[in-house]
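Trainee: Structure below; questions to follow.
Please treat every number below as a calculation from the coordinates, not as lab data. Bear in mind the structure is a predicted one, so any value in this text is a computation, not a measurement. We place every Cβ from the backbone using ideal geometry, glycine too, and count neighbours over all the protein chains shown.
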Amino acid sequence: MSFEPPTTTKALLERARSIAGFRLHELSAALEREVPEDLRRHKGWIGRLLESALGADKGNGAVDFNALEVELKTIPVDRRGEPRETTFVCSVPLANPDEVRWETSRTRQKLANVLWIPILAEEGLPIADRVVGSPLLWSPTPQEEALLAQDWREHLDVIRRGGVDTITAHDGRALQIRPKGANAHSTTWSVDGAGNAVLTQPRAFYLRTWFTASLLARNFAR
């Protein structure tokens, strides 16, 4: 199994297709990794396993395949191909909301080119027996980007006005914000309505399941 970074998106996609159908214990054995018993204390383990298998070269870059400008996203699905949970995108820039714009945002960088790899992960299926699915190399359509940009801008407008603590998981049509930290006591800096620094919980952007379900259904139905 090759660990060198792929040099083209075609090579990346071919490599991803070559591991489709593997169970996670088979892929782990090939990479000489241990399969954890649960993911609660090993968050991101599946993503890191796939990064190793595919030769990710993130380094200090914004995305997993830095040279190709491609982000890797694994997505747990049921047997119908329906996503089982929302998809983490990146952290929310709480400390400097006035300094970021959608066009140059980390969120847009993360979602500009995504290699989606579904993972069959039905309820009750052991981690070791979960199956790597067929990959999809995706970029948002103009309509999808417009929707994501609108959600992002509306969220950031609220944060700039000092309303970060008023944002709930119900806000945003495709892109929601939820707390994300090492634990419930994690804090980071944000701003209040007067522009003063205040402490709050870290937040992250997540794609809603209807959005990821629609792009998977549309592309795999071709």
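Trainee: Just to verify a result, which residue in the range 63-79, among those that are touching a residue at least 60 places away in the same chain (Cβ under 8 Å) and not in a helix (DSSP H, G or I), is surrounded by the most Cβ atoms within 10 Å (Cβ to Cβ)?
Mentor: I75
Trainee: Of the residues that sit in the range 80-100 and are in a strand (DSSP E or B) and touching a Pro at 6+ places or on another chain (Cβ under 8 Å), which one is surrounded by the most Cβ atoms within 10 Å (Cβ to Cβ)?
Mentor: Filtering first and then ranking leaves P83.
Trainee: Another question about this same structure. Exactly one of these conditions fails for N60: (1) surrounded by fewer than 18 Cβ atoms within 10 Å (Cβ to Cβ); (2) closer than 21 Å to S18 by Cα. Give me its number.
Mentor: Checking N60 against (1) surrounded by fewer than 18 Cβ atoms within 10 Å (Cβ to Cβ); (2) closer than 21 Å to S18 by Cα, the one that fails is (2).
Trainee: Report yes if some residue within the range 73-88 is out of contact with any Leu (no Cβ under 9 Å at 6 or more places or on another chain), closer than 25 Å to T188 by Cα and of a type outside the set (A, V, I, L, M, F, W, C); otherwise report no.
Mentor: No, because not a single residue in the range 73-88 is out of contact with any Leu (no Cβ under 9 Å at 6 or more places or on another chain), closer than 25 Å to T188 by Cα and of a type outside the set (A, V, I, L, M, F, W, C).
Trainee: Filter the range 1-41 for residues that are more than 19 Å from R130 (Cα to Cα) and of a type in the set (S, T, Y) and give the result.
Mentor: The answer is S2, T7, T8, T9.
Trainee: Can you report the number of residues in the range 169-221 which are of a type in the set (A, V, I, L, M), closer than 26 Å to G81 by Cβ and in a strand (DSSP E or B)?
Mentor: Count: 3.
Trainee: So which of W116, W189 ends up being in contact (Cβ under 8 Å) with a residue 12 or more places away in the chain, farther than 30 Å from A16 by Cα and not basic (K, R)?
Mentor: From the options W116, W189, the qualifying one is W189.
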